[in-house]
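Working notes, structure below.
Read-outs: derived from the displayed coordinates by stated rules, not from any lab. Worth saying up front: this structure is predicted, and the values here are computed from it rather than measured. Cβ coordinates were reconstructed from backbone atoms using ideal geometry, including for glycine residues, and neighbour counts include every protein chain displayed.
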Amino acid sequence: MKIIVEKNAQLGGQVGAKVFKDALAQGATVFGLATGSTPMTTYDALVNSDVDFSQAISINLDEYVGLTPDNDQSYRYFMQKHLFDQKPFKHSYVPDGTNPDATKVINDYNHLIETHPIDLQILGIGHNGHIGFNEPGTPFDSLTHEVNLTPSTIEANARFFERKEDVPQKAYSMGIASIMGAKHILLEAYGTEKAHIIKEALQGPVTEDVPASVLQNHPNVTVILDEAAASELQNIH
Ligand code: GLP
């Protein structure tokens, strides 16, 4: 695991964008993408670069159940706004949150990932250690599944919604095994509020109680942190 500590999220995002560009230069064609505030500086740096994703495809981690692509809280909307509209991919896949047939959404997404192995997967981390929407307790061998969001995740995500009651209770998410199947994983975290979970995930025991701790078992992980998020880590230099 390679841990890079930058002064702030802005600089971290520039390093993140370089990881994407290097992967492209080395022939990567399938990019696993994430939403949330964390990857935004990386997406901004990509948007302001000469990167060309027109021959690549993207597969997003997750989507709320019940939100349409034109709902400004849907993850499809977020991706269009922050990346795809400026840097289009050949195809961009996000789980279909409007389809209530969970079995079909799940099977289609698993087939997509199986037939398009992910070269580079970017991840943020939730306060409880979730990656994608894989909440604590999710089995490490899980593939795409429908998730009941935990109260703490609903609480954390409420800041993006007008009212807490508007936050969907369910999501479709790639599973932990789907994420671990990526050839290279880029985890980013910024801010003091992530310091504790970063310490647990990277230097604590590998346990399903902290989903991101599974990354310790992956052979090719790059972690980009700001100084605040790295502040509880020991012996990283
Ligand atoms: C959401 C997303 C995750 C994201 C997490 C952290 O729950 N499903 O993919 O990593 O929030 O969000 P943020 O980056 O805004 O802290």
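Provide the FRET efficiency to the nearest 0.05 for the His111-Lys81 pair, computing r from the beta carbons and using R0 = 30 Å. It would help to have the intermediate numbers written out before the result.
On the way: r = 28 Å, r/R0 = 0.92.
So the FRET efficiency works out to roughly 0.60.
Among all the aspartates and glutamates, which ones have a C-alpha under 16 Å from Lys199's C-alpha, if same-chain residues fewer than 8 places away are not counted?
The reachable aspartates and glutamates, counting only those whose Cα sits under 16 Å from Lys199, are Glu188, Glu208, Asp209, Asp226, Glu227, Glu232.
What is the list of residues in segment 105-141 whose amide nitrogen lies under 19 Å from a point 7 angstrom out from the Cα of His196, following Cα to Cβ?
What the label zone holds, given the 19 Å backbone N cut-off, is 125-131, 135-137.
Which of Gly191, Gly126, Gly13 moves most in a GNM of the chain, Cα contacts under 10 Å?
Fluctuation is largest for Gly191.
Quick one: among Ile176, Ile185, Ile57, which has the greatest mean-square fluctuation in a GNM of the chain with alpha-carbon springs under 10 angstrom?
Looking only at Ile176, Ile185, Ile57, the largest GNM fluctuation is found for Ile57.
Between Thr192, Thr29, Thr115, which gets the highest mean-square fluctuation from a Gaussian network model of the chain, Cα cutoff 10 Å?
Evaluated over the chain, the most mobile residue of the options is Thr115.
Assuming R0 = 35 Å, what is the FRET efficiency of Asp141 and Lys164, from their Cβ-Cβ distance, to the nearest 0.05? Intermediate values should be presented prior to the final figure.
Values: r = 33 Å, r/R0 = 0.94.
With a Förster radius of 35 Å, E is 0.60.
Let me test this: with uniform point scatterers at the alpha carbons of segment 173-237, what is the Debye-based log₁₀ I(q)/I(0) at q = 0.12, 0.17, 0.21, 0.22 1/Å?
Those come out to -0.29, -0.59, -0.88, -0.96, one per q.
Excluding Val206 itself, calculate the net charge of residues whose Cβ lies under 15 Å from the Cβ of Val206, where each Lys or Arg counts +1 and each Asp or Glu counts -1.
Details: positive: Lys199; negative: Asp141, Glu200, Glu208, Asp209.
Around Val206, the surrounding residues sum to -3.
Within straight cross-link reach of Lys194, meaning Cα distance under 19 Å, which lysines are found once same-chain residues fewer than 8 apart are removed?
Lys2, Lys7
Based on alpha-carbon atoms only, what is the radius of gyration of segment 59-202 relative to the globular estimate 2.2 N^0.38 Å?
On the way: Rg = 14.8 Å, N = 144, 2.2 N^0.38 = 14.5 Å.
Rounded to two decimals, the normalised Rg is 1.02.
Using +1 on the beta carbon of Lys and Arg, -1 on that of Asp and Glu, and nothing else charged, what's the dipole of the chain about the Cα centre, debye to 20? Don't skip to the answer; put the middle values down first.
Working: 16 positive and 30 negative charges, 91 e Å.
Its charge dipole is roughly 440 debye.
For Lys90, list the lysines whose Cα falls under 17 Å from its own Cα; do not include residues on the same chain fewer than 8 positions away.
Cα-Cα hits under 17 Å: Lys21, Lys81.
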